[in-house]
1. Say whether the condition of being open to solvent by 60 Å² or more (accessible area, probe 1.4 Å), in contact with a Ser or Thr (Cβ under 7 Å, 6 or more places away or on another chain), within 27 Å of A:Thr173 (Cα to Cα) and free of Cβ contacts under 8 Å to residues at least 60 places away in the same chain is met by at least one residue in region A:1-18.
2. On the given criteria, is A:Pro42 of a type outside the set (A, V, I, L, M, F, W, C), within 9 Å of chain B (Cβ to nearest Cβ), at negative phi and touching a residue at least 40 places away in the same chain (Cβ under 8 Å)?
3. Can you give me the number of residues within region A:19-28 that are open to solvent by 20 Å² or more (accessible area, probe 1.4 Å), farther than 30 Å from A:Asn168 by Cβ and either assigned to a loop (DSSP other than H, G, I, E, B) or more than 7 Å from chain B (Cβ to nearest Cβ) (or both)?
4. Can you give me the number of residues within region A:136-160 that are open to solvent by 20 Å² or more (accessible area, probe 1.4 Å) and out of contact with any helix residue (DSSP H, G or I) (no Cβ under 8 Å at 6 or more places or on another chain)?
5. Would you mind stating whether A:His157 is at pLDDT below 95 and under 13 Å from the mean Cα position of the chain (by Cα)?
6. Take the residues in region A:29-50 that are within 30 Å of B:Ser59 (Cβ to Cβ) and touching a Phe, Trp or Tyr at 6+ places or on another chain (Cβ under 9 Å); name whichever of them is most open to solvent (accessible area, probe 1.4 Å).
7. So which residues in region A:174-201 are open to solvent by 10 Å² or more (accessible area, probe 1.4 Å) and hydroxyl-bearing (Ser, Thr, Tyr)?
8. Tally up the residues in region A:51-107 that are open to solvent by 50 Å² or more (accessible area, probe 1.4 Å), hydrophobic (A, V, I, L, M, F, W, C) and in contact with a Gly (Cβ under 9 Å, 6 or more places away or on another chain), please.
Amino acid sequence: MATRGFTGRGRSGSEAERIPPGQHLVEDFPVLSAGPTPRIYPEKWSFTLKIGPKPVKMWSWAEFNALPQTKATRDIHCVTAWSKLNTSWEGVLIDDLLAEAGVEAPTPYLLAHSYDGYSTNVPLADLTGGRAMIALRYEGKPLEPDHGGPARLLVPHLYFWKSAKWINGLQFTERDEPGFWELRGYHIYGDPWREQRYTND
Amino acid sequence: MTDASATRKASVPWQNARIVRIVRQTSRIKSFFFAPPHPFQHLAGQHVDLRLTAPDGYSAVRSYSIASAPGSSGEIELAVERLDDGEVSPFLHEVAEVGDEIELRGPLGGHFIWTAADGGPLLLIGGGSGLVPLMAMIRYRRSIGSDVPTLLLLSSRTWEDVLYRDELLELDSSGDGFSLMLTLTRGVSARSGDYSRRIDAAMIEEALARLPVAPRHVFICGSNPFVNTAADASLAAGLAAPIIRTERYGT
Ligand SMILES: Cc1cc2nc3c(=O)[nH]c(=O)nc-3n(C[C@H](O)[C@H](O)[C@H](O)COP(=O)(O)OP(=O)(O)OC[C@H]3O[C@@H](n4cnc5c(N)ncnc54)[C@H](O)[C@@H]3O)c2cc1C
């Protein structure tokens, strides 16, 4: 249904095809999170990989930074309807992380866990093949606390709540288990191109 | 890909909701009352999405908190602040009229909500139009006759910019356990005991002192910088992170 009198702001020209339906471009970097921004000091930071309840590998900040670091420039899409093009990130690909731990594919699903108790589910297939990383740097600088620093998940092809801030672990699960926002009305998968914003969209 | 087997409810549908009333609240905020053809029950703190579509198919989606209390009339009140260089809020302020149909879906959001069963006391902290979801909680609390001690710390620019000012002042004087603390960042309050500065830890401490016992839930809503300041001040005042819920309106 066309809205009477609405023409919309200028279309984004050649960039238009990079913007999923219902999204609009922003230049700044808005913030969305469920509670206060936690301050996590790198000396206290650690990252744990689990298969079910069982920890299989843990890294300190120094160990994590010694893993192969990869750069990626990606478009990101937030469920609150903003998109930002060409954001540049640096961090550890999930492929490299799993290889380092000697883990392949014990189950097809994972949960990402964060320092603030937040969790989000992502299928393994969406984390591997160079599609996702644990990002430590944004636009060439250490990731700020507001944007998930010291480390956040980056899964740019899904709505951005899937890119869990303040991440401290990944856990393989038997089933696709809904995480924090998924239990609170947001879509289980979150593909921006199919506008999977809320449960069962 | 996959579907949650546990949660096979239908998706929340879009509907064409008619604007039945528009009320100017402050120089920058107007309330829009919608009558969705398929009325829905929301929880205090939830939001709706609006979708505006241009003749060429281009569409813009924005979220707006519901200001009305659950279970009122089937009407939904939204209170929208005009951002001068924005796309949707100036459209609503300047172009939208009573009788227009706007696509809307809701209720949405399952985190920034308060129900009677959650209990209290409540500390609500709002900046500008960030009052909106808190107002739904305040109105809901009133409508069910709850006596949960509730303190609203509201930051606005000036006395004239205080959204729902008369309603809040009246509730404040009703003696039912609700109290209002105002802070004006660019003005002076007409009441004594209010503040004229940005929110800080000292102010949160004074807010806590006005509650009979420590709050069980803290809700903070407003622009991102406002929420950061208020959340950090709350932590500095000794409140625990897990009881603090935030809603950020973007930049
Ligand atoms: C859960 C939730 C609930 C909300 N509830 C409310 C509410 O109750 N009331 C309320 O008023 N708001 C609410 N908001 C905010 C609302 O969704 C919109 O973000 C807000 O109305 C601004 O939208 P807009 O289209 O007018 O501005 P936008 O076009 O989105 O622009 C926002 C700002 O970004 C800048 N900007 C970004 N890109 C451009 C560009 N290309 N050109 C020019 N400027 C640009 C502008 O400075 C502008 O001020 C809520 C947000 C969320 C997430």
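The values are calculated or read from the model by the stated rules, or taken from the named source; none is laboratory data. Because the structure is predicted, anything quoted here is derived from the model rather than measured. Note that we place each Cβ from the backbone using ideal geometry, even for glycine, and neighbour counts take in every protein chain shown. Just so you know, the surface numbers come from the protein's heavy atoms only, side chains and all, with ligands and any DNA or RNA stripped out. Shrake-Rupley method; radii C 1.70, N 1.55, O 1.52, S 1.80 Å.
1. no
2. Working: of a type outside the set (A, V, I, L, M, F, W, C): yes; within 9 Å of chain B (Cβ to nearest Cβ): no; at negative phi: yes; touching a residue at least 40 places away in the same chain (Cβ under 8 Å): yes.
Judged against the criteria, A:Pro42 is not a match.
3. In the first step, residues of region A:19-28 are kept if they are open to solvent by 20 Å² or more (accessible area, probe 1.4 Å); the result is A:19, A:21, A:24-28.
After this cut, where a residue has to be farther than 30 Å from A:Asn168 by Cβ as well, the list is A:19, A:21, A:24-25, A:27.
When the remaining residues are screened for being either assigned to a loop (DSSP other than H, G, I, E, B) or more than 7 Å from chain B (Cβ to nearest Cβ) (or both), the result is A:19, A:21, A:25, A:27.
Number satisfying all stated conditions: 4.
4. Narrowing region A:136-160 to residues open to solvent by 20 Å² or more (accessible area, probe 1.4 Å): A:137-142, A:144-147, A:157.
Keeping just the survivors that are out of contact with any helix residue (DSSP H, G or I) (no Cβ under 8 Å at 6 or more places or on another chain) gives A:137, A:139-142, A:144-145, A:147.
Residues meeting the conditions: 8.
5. For A:His157, the condition - at pLDDT below 95 and under 13 Å from the mean Cα position of the chain (by Cα) - is not met.
6. Start the filter on region A:29-50 by keeping residues that are within 30 Å of B:Ser59 (Cβ to Cβ), which leaves A:29-34.
With the extra rule that they be touching a Phe, Trp or Tyr at 6+ places or on another chain (Cβ under 9 Å), the set shrinks to A:29-30, A:32-34.
Details: A:Phe29: 32, A:Pro30: 13, A:Leu32: 58, A:Ser33: 13, A:Ala34: 14 Å².
This residue is A:Leu32.
7. A:Tyr186, A:Tyr189, A:Thr199
8. 2
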